[in-house]
Amino acid sequence: MSKLTDSPDSLSATAVDKGFRSDIQALRALAVLLVVAYHAHLPGVHGGFLGVDVFFVISGFVITNVLLRERESTSGTSLLDFYARRIRRILPAATVVIIATVFATYHWLSFISGAQAADDAKWVAAFVGNYHFAALGTNYFSRTLPPSTLQQFWSLAIEEQFYLVWPLLFLIIAAISRRDHLRRSLLTSLTVIITGSLTWSIIQTNNNAILAFYSPLTRAWELALGASLAIAAPLMHDRAPRLGKWFRSLGLLAILASVWWVTSATLWPGAASIVPVVGTAVMIAGGTLSASKGYDLLTDHPIVQWIGLISFSLYLVHWPIFAIATEYSSHSLSWGVNLLFVALSIALAAILYFSVESPLRRQPLLVRHRALTYAMGVALIGLTYSAIYWHLAHYG
């Protein structure tokens, strides 16, 4: 779900403010609401799961902006600082959700379901949940078997795998390229990634749709497309505000039309993902072209911005709520009940964001002392696995 946001905590406050874009925040809100609405089985949101693909494009754009801003402001790129920001950004909220989900699955469902959740958690906590679900042959769209209560972590695994590769590739390209040719070299490399990954996505989806769904190779082009937009941004920044507004409208139309047109029966990702992914890219490009726009009611409304703010926490917490409630009741839930669970998800996401995600992400001591961030990361991972094995031993 990458999904999600990233601010260069180690840079100045001015740099962070300069990098903030309300249209990106609004796009996060749209993406997470599509996913939540799909899992709530709300009418008309047939392809809401593609909100994850929207997140992938956003993540590629935001992360590459972080790398470029650091490179251009300090003439260097610190991978240790980059991954410290990822630890503060991801691990605290993820740890809380993993442990709480394993506990809730044991408590409200059966010991068998709890043991399965604990086993899934061992892979999810290591950010390889996508490979685990692919190896099990887990069909994301299946309505016959109870899904894993930690299944939402598959997309976070893909994002973190991309973040292991892309910063390293960025650093290598920066080292061998002249400073004034860096963006051109990066765009060339990303073009190769986009072409190869999209081609493989189409081939693999037709041959093995489950493997293609969870593979980082079939999703890499979506993140790379977002990265390309970040690199090309200086060429577009506030160059055509009127055209930018049209781009944003056309991109939004492409996403919403896909939500209606795409269903769980559609081979995904493959060729079908091109329209919403490119639509997301067009929306981001439109925001870049019209950077000096005034207040926009659609994107700048406080509620929209607030949903975008808590989007990562909302993505994490909503799925176990729906999965556990549905399996506990042994039948499909009504729209009214599902809407209550949507409200509960938003409330719990806000609590998680304001009590865990945001405070630890911006904690001054952790930001100033990188070693403390890594120590916190080791402690959180240790806590997660301790909770997993305690549950397996206690209820085994």
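The values are calculated or read from the model by the stated rules, or taken from the named source; none is laboratory data. Computed from a predicted structure; not experimentally measured. Using ideal geometry, Cβ is built from the backbone for each residue, glycine included, and neighbour counts are taken over all protein chains shown.
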TODO: Given the conditions (1) closer than 21 Å to residue 35 by Cβ; (2) free of Cβ contacts under 8 Å to residues at least 40 places away in the same chain, report the number of the one that residue 302 does not fulfil.
DONE: (1)
Task: Unique match (being surrounded by fewer than 22 Cβ atoms within 10 Å (Cβ to Cβ) and among the polar types (S, T, N, Q)) among 334, 290 - done: 334
- [ ] Go through segment 342-361 and give me each residue that's surrounded by fewer than 16 Cβ atoms within 10 Å (Cβ to Cβ) and touching a helix residue (DSSP H, G or I) at 6+ places or on another chain (Cβ under 8 Å).
- [x] 344
Open item on the list: So in segment 101-118, with the set limited to residues that are in a helix (DSSP H, G or I), surrounded by fewer than 21 Cβ atoms within 10 Å (Cβ to Cβ) and touching a residue at least 24 places away in the same chain (Cβ under 8 Å), which one is farthest from the chain's Cα centre (by Cα)?
Closed with: 111
Open item on the list: Given the criterion closer than 30 Å to residue 135 by Cα, surrounded by fewer than 14 Cβ atoms within 10 Å (Cβ to Cβ) and in contact (Cβ under 8 Å) with a residue 60 or more places away in the chain, identify the matching residue among 199, 263, 205.
Closed with: 263
- [ ] Would you point out the residue of segment 288-304, among those that are out of contact with any Phe, Trp or Tyr (no Cβ under 8 Å at 6 or more places or on another chain) and in a helix (DSSP H, G or I), that is nearest to residue 61 (Cα to Cα)?
- [x] 288
Open item on the list: Can you list residue pairs whose Cβ atoms sit under 6 Å apart, with the first residue in segment 217-238 being under 19 Å from residue 167 (Cβ atoms) and the second being basic (Lys, Arg) and in a helix (DSSP H, G or I)? Count only pairs 6 or more apart in sequence or on different chains.
Closed with: 231/183
- [ ] Answer yes or no: is there a residue in segment 304-311 that is within 30 Å of residue 191 (Cα to Cα) and surrounded by 14 or more Cβ atoms within 10 Å (Cβ to Cβ).
- [x] yes
Task: Residue in segment 6-37 that is nearest to residue 48 (Cα to Cα), counting only those that are at pLDDT below 85 and among the hydroxyl-bearing types (Ser, Thr, Tyr) - done: 7
TODO: Determine, yes or no, whether residue 169 is more than 20 Å from the chain's Cα centre (by Cα), more than 15 Å from residue 39 (Cβ to Cβ), modelled with pLDDT of 95 or more and assigned to a helix (DSSP H, G or I).
DONE: yes
- [ ] Using the structure shown, decide if residue 41 is surrounded by fewer than 17 Cβ atoms within 10 Å (Cβ to Cβ), farther than 22 Å from residue 220 by Cβ and modelled with pLDDT of 75 or more.
- [x] yes
- [ ] Find the residue count for segment 209-242, including only residues that are loosely packed, with under 14 Cβ neighbours inside 10 Å and either at pLDDT 95 or above or in a helix (DSSP H, G or I) (or both).
- [x] 3
Task: Per-region count, segment 62-109, residues within 17 Å of residue 231 (Cβ to Cβ) and of a type in the set (Val, Ile, Thr) - done: 5
Task: Which listed residue is of a type outside the set (D, E, K, R) and touching a Pro at 6+ places or on another chain (Cβ under 8 Å), from 273, 215, 258 - done: 258
Open item on the list: Taking the condition of being among the small types (Gly, Ala, Ser) and surrounded by fewer than 18 Cβ atoms within 10 Å (Cβ to Cβ), how many residues in segment 60-85 meet it?
Closed with: 4
Open item on the list: Between 34, 80, 50, which is touching a Pro at 6+ places or on another chain (Cβ under 8 Å) and assigned to a helix (DSSP H, G or I)?
Closed with: 50
